[in-house]
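The values are calculated or read from the model by the stated rules, or taken from the named source; none is laboratory data. Being a predicted model, the structure only gives us computed values, none of them experimental. So basically every Cβ, Gly included, is an ideal-geometry build from the backbone, and we count neighbours across all protein chains shown. To get the accessible areas, we keep the full protein, side chains included, count just its heavy atoms, and leave off ligands, DNA and RNA. Shrake-Rupley method; radii C 1.70, N 1.55, O 1.52, S 1.80 Å.
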Amino acid sequence: MEDCVFCKIVNKEIPSQVVYEDDKVMVFKDLEPQAPIHYLIIPRQHFNSIMNVPAGNDIVQHIFMIAVKMAVKEGVGDEGFRVVNNCGELGGQTVNHLHFHFLAGREMKWPPG
Ligand code: AMP
Ligand code: ZN
C-alpha cells in the first residue's frame with residue numbers, strides 16, 4: 001500500500017528497530033514507548049484494521065503466538081504483559097495497517113483511557 005508507514009517498514013523503505021521477523025509478521029519497537037517494553041506486532045500483508053481480516057485467515061492466531069514468544073524472550077510471561085489492538089477512530093487507531101501493541105515491564109491500569 002502506497003503511503004502506509006508500516007508497509008514502508010515491512011519493505012525496509014524506512015528504518016525501524018526490528019526485534020523479530022518471519023514470513024508472516026514483523027515485530028519492532030514503538031517510536032513512542034508507553035511502557036519499558038513496547039513492541040508493535042504487524043502482519044507483512046496490509047490490512048487496514050482487524051475489520052478487514054477475512055474469516056478463516058489465521059494471521060491473528062499467529063500474531064498472538066508471536067506475542068507469547070516475545071513474552072518468553074523478554075522473561076515477562078510470569079509477571080504479565082498486555083496485548084492491545086486499537087480499531088478505528090473511536091478505538092484510537094492512528095496507523096491504518098493492522099497492528100498489535102505488546103506492552104510489558106510495568107503495572108497496567110484498567111480501564112484504559
Ligand atoms: P495506534 O494508535 O494503535 O494506531 O498505534 C500506532 C503506533 O505506531 C503508535 O504507538 C506510534 O507511536 C507508532 N508508530 C508510528 N510510526 C512509527 C514508526 N515509524 N516506527 C515505530 N512506531 C511507530
Ligand atoms: Zn500497510
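General observations
- For Val68, the criteria (1) free of Cβ contacts under 8 Å to residues at least 60 places away in the same chain; (2) among the β-branched types (Val, Ile, Thr); (3) closer than 23 Å to Cys4 by Cβ hold in every case but one, which is (3).
- Pairs, first under 11 Å from Met108 (Cβ atoms) in segment 71-82, second surrounded by 10 or more Cβ atoms within 10 Å (Cβ to Cβ), C-beta under 6 Å, six or more apart: Phe81/Ala71; Phe81/Ala104; Arg82/Leu103; Arg82/Met108
- Pick from segment 99-113, criterion touching a strand residue (DSSP E or B) at 6+ places or on another chain (Cβ under 6 Å) and part of a loop (DSSP other than H, G, I, E, B), ranking: surrounded by the most Cβ atoms within 10 Å (Cβ to Cβ): His99
- Spans of strands (runs of 3 or more DSSP E) in segment 1-91 with at least 2 residues open to solvent by 80 Å² or more (accessible area, probe 1.4 Å) and within 16 Å of ligand 1 (Cβ to nearest atom): none
- Within segment 1-31, the residues that satisfy the criterion of being within 15 Å of ligand 2 (Cβ to nearest atom) and touching a residue at least 12 places away in the same chain (Cβ under 8 Å) are Met1, Cys4, Val5, Phe6, Cys7, Ile9, Val10, Ser16, Lys24, Val25, Met26, Phe28.
- Qualifying position, being modelled with pLDDT of 95 or more, more than 14 Å from the chain's Cα centre (by Cα) and not β-branched (Val, Ile, Thr), among Glu13, Glu32, Glu21, Glu2: Glu13
- Evaluated against (1) at pLDDT 95 or above; (2) away from ligand 2 (no atom under 16 Å from the Cβ); (3) under 22 Å from Glu32 (Cβ atoms), Asp78 falls short on exactly one condition, (3).
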